[in-house]
Amino acid sequence: VSCPVSVLPPEAGTICTATGVAAAGQYANIGTATGTPPVGAVVTASNPSHYYGTTPSISIVKFTNGEDADVATGPFIPVGGAVAWTYAVTNTGNVTLTSVSVTDDQGVTVNCPASVLPPGATTMCTASGIATAGQYVNVGTATGIPPVGSVVTATNPSHYFGTTPSISIVKYTNGEDADVATGPFIPVGGAVNWTYAVTNTGNVTLTSVSVTDDQGVSVSCPVSVLPPGATTTCTASGVATAG
């Protein structure tokens, strides 16, 4: 503490000063003034003062259909299916935040049940939508206003994949795509070779891929997993019957 004078006449005052750097949380210090009169004991007086060191901050964790899908793909959702987003917004600082809200970079409307968050408190904000095809990502941004200082913000992404599963098959008889009669002419007792070109025409991987034939023909497929756009050629054989 620095005082500009060390002698005070009766009723006179002086302004002493000191500086420091704010620490986090509640702080108190007590100043004590002393002076020596012409006779008698030293006189003293004291007075406390306080400040509160603020460390405002906020966090957000975004969920898609209950999954904390920070990275792709996130949950698989059929196109046209319901998407439910939740945003866990927490006051991670040491002062109350006001005007707490969440925005979404894809224009999703987000509703928050509380706009004032004491330190350590969490509010669950919500939004909803309809799944679109393919990989989707949106980012939630939480903001809050502390008693002093700048607005605090935090962001978190979430993902989902809108699925459009589908499969196609083209069947050939002795190399001919014989969708309609008559198809190829084959001598009775001659060899018949069927091939089945099976293609994943959707946007997600298909598993347990197989082919059955309504005439009880045993069909063999070389693979049972097809990524989007992939084709496998299954085969079967038999002996030609009359007609």
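Using unit Cβ charges (K, R positive; D, E negative) and no other charged atoms, how large, in debye to the nearest 20, is the dipole of the chain about its Cα centre?
Working: 2 positive and 11 negative charges, 131 e Å.
Result for the chain is approximately 620 debye, rounded to the nearest 20.
Of Tyr87, Thr34, Thr235, which is farthest towards the positive pole of the chain's charge dipole, taken about the Cα centre with +1 and -1 on the beta-carbons of Lys, Arg and Asp, Glu respectively?
The residue sitting farthest along the positive end of the dipole is Thr34.
Would you mind classifying segment 95-154 by shape? Square roots of the alpha carbon gyration tensor eigenvalues, ordered a ≥ b ≥ c; an a/c under 1.5 is rounded, otherwise it is prolate if a/b is larger than b/c and oblate if not.
Details: a/c = 3.27, a/b = 2.24, b/c = 1.46.
Prolate.
Please check: in the Gaussian network model of the chain (C-alpha springs, under 10 Å), which one of Thr182, Thr103, Thr155 has the largest mean-square fluctuation.
Greatest mean-square fluctuation among the candidates belongs to Thr182.
With all protein chains present and a 1.4 Å probe, how do His50, His159 order by accessible area, largest first? Please list the in-between numbers first.
Working: His50 120, His159 25 Å².
From most accessible down to least: His50, His159.
For the chain, give the percent of accessible area contributed by carbon and sulfur heavy atoms, probe 1.4 Å, rounded to a whole number. Present the calculation step by step, with values, prior to reporting the outcome.
On the way: 8250 of 14380 Å².
Whole-percent figure for carbon plus sulfur exposure: 57.
Isolated Cys in the chain by the 4.7 Å beta carbon test?
Taking the Cβ cut-off of 4.7 Å, the chain has no unpaired cysteines at all.
Hey, what did the chain get for relative contact order, percent, Cα under 8 Å, at least 6 apart? If you can, show how the numbers build up before the last one.
Values: 565 pairs, mean separation 34.3, N = 243.
Relative contact order here is 14 percent.
Taking the full set of protein chains and a 1.4 angstrom probe, give the accessible area of Cys112 in square angstrom, rounded to the nearest 10.
The accessible area of Cys112 comes to roughly 40 Å².
When the Karplus curve 6.51 cos²θ - 1.76 cosθ + 1.60 is applied with θ = phi - 60°, which whole-Hz ³J(HN,Hα) does each residue of segment 80-94 get, with x for Gly and Pro?
3J(HN,Hα) across segment 80-94, in whole Hz: x, x, 6, 10, 10, 9, 10, 10, 8, 10, 10, 7, 9, x, 10.
Given the Cα-Cα distance of Ala197 and Glu67 and 0.36 nm per residue of separation, how much length would full extension add, in nm?
Numbers: separation 130, 0.36 × 130 = 46.80 nm, distance 3.70 nm.
Going from the current span to full extension adds 43.1 nm.
Could you work out the relative contact order of segment 44-94? I mean the mean sequence separation of Cα pairs under 8 Å and 6+ apart, divided by the number of residues, in percent.
On the way: 57 pairs, mean separation 24.0, N = 51.
Relative CO of segment 44-94 lands at 47 percent.
Residue by residue through segment 122-138, what is 3J(HN,Hα) from phi via Karplus (6.51 cos²θ - 1.76 cosθ + 1.60, θ = phi - 60°)? Round to whole Hz and write x for glycine and proline.
10, 10, 9, 8, 9, 7, 9, x, 10, 5, 9, 6, x, 6, 10, 9, 9
Match the structure shown to one of the listed values (1) 12.8; (2) 22.9; (3) 18.7 of mean projected area of the Cα convex hull in nm², computed from it, and give that label.
(2)
Between Ala33 and Thr235, how many nm apart are label points set 7 Å from Cα along the C-beta direction?
10.5 nm
Can you compute 3J(HN,Hα) from phi for each residue in segment 206-221, using the Karplus curve 6.51 cos²θ - 1.76 cosθ + 1.60 with θ = phi - 60°, rounded to whole Hz and x for Gly and Pro?
The phi angles translate into 9, 10, 6, 5, 8, 10, 10, 10, 5, 9, x, 5, 7, 9, 10, 10 Hz.
What length, rounded to one decimal in nm, is gained on full extension from Ser128 through to Thr98, with 0.36 nm per residue of separation minus their alpha-carbon distance?
Details: separation 30, 0.36 × 30 = 10.80 nm, distance 2.46 nm.
Full-extension gain reported as 8.3 nm.
What FRET efficiency comes out for Ser115 versus Ala23 if R0 is 30 angstrom and r is the Cβ-Cβ distance? Round to the nearest 0.05.
Working: r = 29 Å, r/R0 = 0.98.
So, using R0 = 30 Å, E works out to roughly 0.55.
Which value, in Å², gives the accessible area per residue of the chain when a 1.4 Å probe is used on the protein heavy atoms?
Working: 14380 Å² over 243 residues.
Counting only protein heavy atoms, the per-residue value for the chain is 59 Å².
The values are calculated or read from the model by the stated rules, or taken from the named source; none is laboratory data. All values derive from a computational prediction rather than experimental measurement. As a convention, Cβ positions derive from the backbone with ideal geometry for all residues, glycine included, and neighbour counts pool all protein chains shown. In case anyone asks, the SASA skips ligands and DNA or RNA and just uses the protein heavy atoms, side chains included. Shrake-Rupley method; radii C 1.70, N 1.55, O 1.52, S 1.80 Å.
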